[in-house]
Each structure stands twice: as structure tokens, then as C-alpha cells.
Amino acid sequence: MSLDEPETIRRNRLRIAGVGLIAGLAVIVAVLLTTRSSVSGQRLERLKASLRAKGEKLTYAELMGTNQPTSGVAFAQIGTTVRSLNGGRVTLGGIRLQKLVRPGFAQPACLETDDELVNSTTSLGKMTWLEFCAAAKTNESGLATLRRLLENPPADSGTVITNLLAGSRFDFVGIRMGADWLAALAVAEMRAGETEEATKVLEALCALVRVNRAEYLLVSQMVRVYVARQAIAATWELLQAHRWNDAQLARIAGCWEQLDFLEAVESAFLGERALQEELWRMLSHSPRQVAALMGLSGRTGWRSMDQLFGEYVMMPAYRMVARDEDQLFLLQTMQGVLESIRMLRRRLPWTDADRAQGQLWTALTSKTKSFAQYKYSFSLMAMPNFRRAVLTAVHTETERQMLLAAIALERYRLQHGGMPDSLSELIPEFLREGPWDFMAGAPLHYRRLENDDFLLYSTGDDGKDDGGDPTPIGGTTGSIWDGRDAVWLRASKRDDLAKPAE
């Protein structure tokens, strides 16, 4: 460049050189990022091959094999039947049993003379048992149809998911409402002295827990957990009446023995992994749909500048440089979650499994900082509620173990006139094996008390035995899992009802 050149020409030359330098740097960065993405893609394929060599099934086709889903007719009929019931005040979540009166004690609805439905909460105010029985009478035909449909509960909805954006095919609200109806109906029958009818309703409620048992969907299995918790509460209520005979108790125990909520949550996460694999496939063929799913774009119609930027800038950049690394990270994390669930199924304590999961969540949290949140955008969208789902399933499975022990103890009392000194005396006549505390990775704790009473408990989330202390750690009691130990609830006595809940 000559010093005699005009200033304008010199500036233009500098601008051109600057633009060229920036363009060159951009090309270098793109090449480096693309190379890194290629390396991530190779690592991803190696991981998939390694997992499949170990027997892991990563897609729906692999999970389902040659099995075809069952007919969805019965599943659809269950939801339709429940929604046809004229509920009035019987609304979703409006009927909750096991009213806690103080830590470790609850008010048994089947024994109290107060006509107020225990713990009912609706927009129309409190509901009485008399009002519920009137509603059940009005809906007698529909409830009979529901119980008939549950004589052979469908294993799945009869559909195979192939499009994540196609909308829900499942009436989960209907199933949950059905659980509310049946739980209250079982208690109402026991209050009326109809023990055999109460047993049949409870069998139908346990059958409702088995609906969708073969679905590889997290939401399906979590709905099953909701139904199970209603069924556990109803079974607890009926046990307090001490009116069942041994044959009826054996039937109910047989229903609960068919369930396994750790197996359910493992199936749920296998399905979640398959759904994610389907999403990555869609990313190659339908990037606009995936952009909509990830919130980067509007699905149809007018789109804002942010949505256009997401669809035409962020999504192409994500596909080019981040997709494989995000998928690799998510697949590694999902495998870690599955391994933690399998630790529990091998009867290792929750504290060990939770520690392993904690390392996963620490790695996930690190991805929320700076530019990484865009790079791992799908992982951050998919994973936040995973730990809570696993913990809820472990709680429910531990409660199922306590429930089986409580039923066995009642059967022992009927035959022997008192409580055993240890749970081992229940095996094999009343229990197939000793009930397990999945929180501690050890047998449940049990003590015989006076007046044919007993103390049965899990150590709770910390795995520490506090001697069966139900005192809430945080000062409030919402469930047994708020206590220092998770104690199987005992029936409150009359004088307990005057004491405020702690």
C-alpha cells in the first residue's frame, strides 16, 4: 500500500482486509466446531453400539420387538365411563383419605361418626359421606360399568407413539378421577358394613393401578403411581375397621403382590429414552417441528422475530455444531438414571442411588451457565423433573411393602389373636418374603406394641434409623415422608382428634 494513496482508498483496503479476516476466522471457527461435532457424533455412535451390546434397547421398535399393542377400546371406555359420571362435588383430587391429625396418626374415615368426607376439598365446599353415597347411587350404572371394564385391565392404550407433536392419546384425567371415585366408594361400603362389597371395589381400584402397565411413557407410569397412592390410602382406611376375614385379606394381598413400582419407573425411563431418540430422528427430517417443541419457533401462523431467529439461526446452528454433543450428554445422563433405578432394584439403599443421581444433576446444572444453555437446550428441557419422578416411585414402592406387611399382620392377628414378635413370623404363611425398606436397603423396621398395635416404618430419605420417629423435619406434616422416619400410620383414638396436628 503506497503512502501516496488517498485516505479513502486506504480505509477501504483496511475494511476489506478486516472483513476478510473476520470471514476467515468465522470459517476456521465453523470448521473447528464442525470437527468437534463430528467427534461428538462418533462418540455418540460408539456409546449407542456399546449400550446395545449390553442389551439396552434405545428405540420403540427395539422395546416393543414383535409385540403388538393391545386394543385401545377398553382403555378408551374407561376414560369415557368415568367422565360420564355426574360428579358434582366429586372432582379430580377432591377426595383425599387418611386425614393426618398428628405425626404418625390419621383419622380413619370408616370408623368416625362425623359425616364429613375426610379431607375433601372442592370449590363447592366440604362434602359429606351422605352426599357422596347419594352421588354413587345416582351413578350406580356407570360405576358398575367401570368395575366390569377393570376385570381385565388393559396393559396399554393400543397405540404406538410415532409423532411427539400429535397430541395426547391418553385420558389420564379420567383414570385419576376413576381412582378418586373408587377409593371413596370402597370406604363408603365399609362404613355401611358391606365388607365383601368394599373388598370388590378395592380389587377394582387395584386393577386400575394395572392399567397402562405396559406403556413406555413416564406420564403413564406416574399416573399409575397416583392411582396407587389412592389405593394405598383406601386400603389403610379399610384395615382400621378390622372387619375383613382372612380370605378377603388374602385376595387384597394378592392384588398388591402383582405390582412393582420400581419396575414401572424403569419402564418409564426406557420409554423416555426412546422418545428422545425419536426426537433426534425428527430433527433430521422435521427441524421446524423440533424447533416448535423446543420453544425456538411458533408452530403455525405468524411468528415473532425471536421465533424466526430461533428457527432460522439458532436451530440451524444447533443442528450443525451442538446436536450430537447434546444427544451424547442426554444419553449418558439417561443411562445414569436407569443405572440408579437398577441399583434400587438390586436392593441397594436410596442414599447410594441418590448420590449417583446427584452427580448427574450437578453436571446438568453446569450446563445452565453462559452459552452452554443453548448448546444443551434439549437436555435442559427434558431432564429437570427426573429425580422427583424416581423418588416418588421409590416412596410408593416402599409404602407398598409396608402395606403388604400391614395386611399380613392383620391376617396373623385374626389367626393368633395378637401381633407377632417379628415380621419373620409372617413368612411364608402370610408373606412370600420379608418386606423391604428401599430407602435403607434393609428390611422394614417393626415393633410389637400393646393392645394389638404395632410400629412399622422406613428410615425415610436419609436412610437413618431414628427409632420410628414421625416428627416432621421441616415442622409441617403433609405425608409420612416429611417425618424423621416414614412411619406406617396408626389409627387415631377419640382423644387424639382434639389434639392439633403438629
ask   = Of all the residues that make up the range 402-454, how many are outside any strand (DSSP E or B), over 21 Å from residue 248 (Cβ atoms) and under 25 Å from the mean Cα position of the chain (by Cα)?
value = 5
inquiry  = Name the single residue that is modelled with the highest pLDDT among those in the range 60-106 being among the hydroxyl-bearing types (Ser, Thr, Tyr), surrounded by 14 or more Cβ atoms within 10 Å (Cβ to Cβ) and assigned to a loop (DSSP other than H, G, I, E, B).
reply    = 91
task = Scan the range 336-350 for residues that are open to solvent by 40 Å² or more (accessible area, probe 1.4 Å), under 19 Å from residue 442 (Cβ atoms) and in a helix (DSSP H, G or I) and report the count.
result = 2
key: Test for residue 203: is it modelled with pLDDT of 90 or more and surrounded by fewer than 23 Cβ atoms within 10 Å (Cβ to Cβ)   = yes
message = Among the residues in the range 434-447, are any modelled with pLDDT under 95, at positive phi and of a type outside the set (S, T, N, Q)?
response = no
Tally, over the range 224-248, of residues that are touching a residue at least 60 places away in the same chain (Cβ under 8 Å) and small (Gly, Ala, Ser) = 4
request  = Please determine, by comparing only the residues of the range 245-268 that are among the hydrophobic types (A, V, I, L, M, F, W, C) and more than 27 Å from residue 336 (Cα to Cα), which one is most open to solvent (accessible area, probe 1.4 Å).
outcome  = 247
Residue 461 being open to solvent by 30 Å² or more (accessible area, probe 1.4 Å) and touching a helix residue (DSSP H, G or I) at 6+ places or on another chain (Cβ under 9 Å) = yes
inquiry  = Every residue in the range 150-176 that is open to solvent by less than 50 Å² (accessible area, probe 1.4 Å) and modelled with pLDDT of 75 or more, please.
reply    = 150, 153, 154, 155, 156, 157, 171, 172, 174, 175
ask   = In the range 411-420, is there at least one residue being at pLDDT 95 or above, open to solvent by 10 Å² or more (accessible area, probe 1.4 Å) and closer than 25 Å to residue 229 by Cβ?
value = yes
ask   = Taking the range 434-458, which residues are open to solvent by less than 30 Å² (accessible area, probe 1.4 Å), among the aromatic types (Phe, Trp, Tyr) and closer than 16 Å to residue 491 by Cα?
value = 457
request  = Find all pairs meeting these conditions: Cβ atoms under 6 angstrom apart; at least six residues apart or on different chains; first residue within the range 38-53 and within 16 Å of residue 333 (Cα to Cα); second residue surrounded by 12 or more Cβ atoms within 10 Å (Cβ to Cβ).
outcome  = 40/324; 40/325; 40/328; 43/328; 44/324; 44/327; 44/328
query = Hey, any hits in the range 179-200 for a residue that's under 30 Å from residue 274 (Cβ atoms), in a helix (DSSP H, G or I) and either touching a helix residue (DSSP H, G or I) at 6+ places or on another chain (Cβ under 7 Å) or at pLDDT below 95 (or both)?
reply = yes
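The values are calculated or read from the model by the stated rules, or taken from the named source; none is laboratory data. Owing to the predicted nature of the structure, the values given are computational and were not obtained by experimental measurement. No Cβ is skipped: glycine too gets one built from the backbone with ideal geometry, and neighbour counts run over all protein chains shown. Surface accessibility is based on the protein's heavy atoms, side chains included, excluding ligands, DNA and RNA. Shrake-Rupley method; radii C 1.70, N 1.55, O 1.52, S 1.80 Å.
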